[in-house]
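Worksheet: the structure to be examined is printed underneath.
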Amino acid sequence: LQFDEDEVKKNGKLTELHKIQQKEGISSTNLQGKIELIGGGFGGGPQQMPHCAPTYAAVLTLCIIAGIGCGQEAAVNRSQNPYHEAGRLAIALLNEKRLPMYAFFLTLREHEDGERIAFRMHHDGEIDVRATYCILTPCHLLGLLDKDEEKNHLLSPPIAHYIASC
């Protein structure tokens with residue numbers, strides 16, 4: 001998204017954020033290069049460990065941006081859509097990061113008697129239905145859930161029973 005740097009400096013609420021960005025060398029032009037998925041998922045901020053909650057939020061946010069910028073209505077008036085470039089970048093980022101996220105999600109599966117029963121929020125983190133939701137929702141949006149139960153490494157009948165029992 002485009003913004004006028006002078007307007008950001010004038011806005012009292014954004015002045016502090018702008019100062020931090022300038023101090024750390026973060027600008028709209030180099031921010032995309034700073035998005036790293038160490039371990040496959042998004043963390044809550046720079047240098048933070050991957051976690052299901054910010055990964056869930058990041059994927060949904062990027063999907064919204066992609067829809068606004070490159071959705072069916074947006075595609076018709078591409079030249080007039082101020083969000084087209086942001087949508088294109090969101091789609092590119094989702095495509096680039098979807099398989100590392102999938103690998104990250106696979107490492108968070110919890111097994112009991114050989115069955116996949118639930119997920120953790122992060123490595124050595126809590127096991128709860130929130131983790132399952134925060135994993136299955138982005139996987140559905142990114143086309144990572146296979147309908148063939150044999151090939152589906154994330155969803156299984158015991159996970160469905162776990163969700164229903166909560």
Practice task
For Ala118, list long-range residues whose amide hydrogen, built 1.01 Å from N in the peptide plane, is under 5 Å from its own amide hydrogen.
Solution key: Glu110
Fill in the blank from the handout: Rounded to one decimal in nm, the spacing of the 7 Å Cα→Cβ label points at Asn95 and Asp146 is 2.3 nm
Practice task
Calculate I(q)/I(0) for segment 41-166 by the Debye formula, one identical point scatterer on each C-alpha and no solvent, and give its log10 at q = 0.13 Å⁻¹ to two decimals.
Solution key: -0.58
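Going through segment 66-166, which trypsin sites (Lys or Arg not before Pro) have at most 15 other Cβ atoms within 10 Å and a DSSP loop state?
Lys147, Lys151
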Fill in the blank from the handout: Over segment 64-166, with neighbouring protein chains present, the accessible area per residue in Å² at probe 1.4 Å is 61 Å²
Completion exercise
Counting only residues 5 or more apart in sequence or on a different chain, those whose built amide H sits under 5 Å from that of Tyr83 are none
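The values are calculated or read from the model by the stated rules, or taken from the named source; none is laboratory data. Since the structure is predicted, the reported quantities are computational estimates derived from the model, not experimental observations. No Cβ is skipped: glycine too gets one built from the backbone with ideal geometry, and neighbour counts run over all protein chains shown. Ligands, DNA and RNA are stripped out before the accessible areas are found, and what is left, the full protein with its side chains, is counted by its heavy atoms. Shrake-Rupley method; radii C 1.70, N 1.55, O 1.52, S 1.80 Å.
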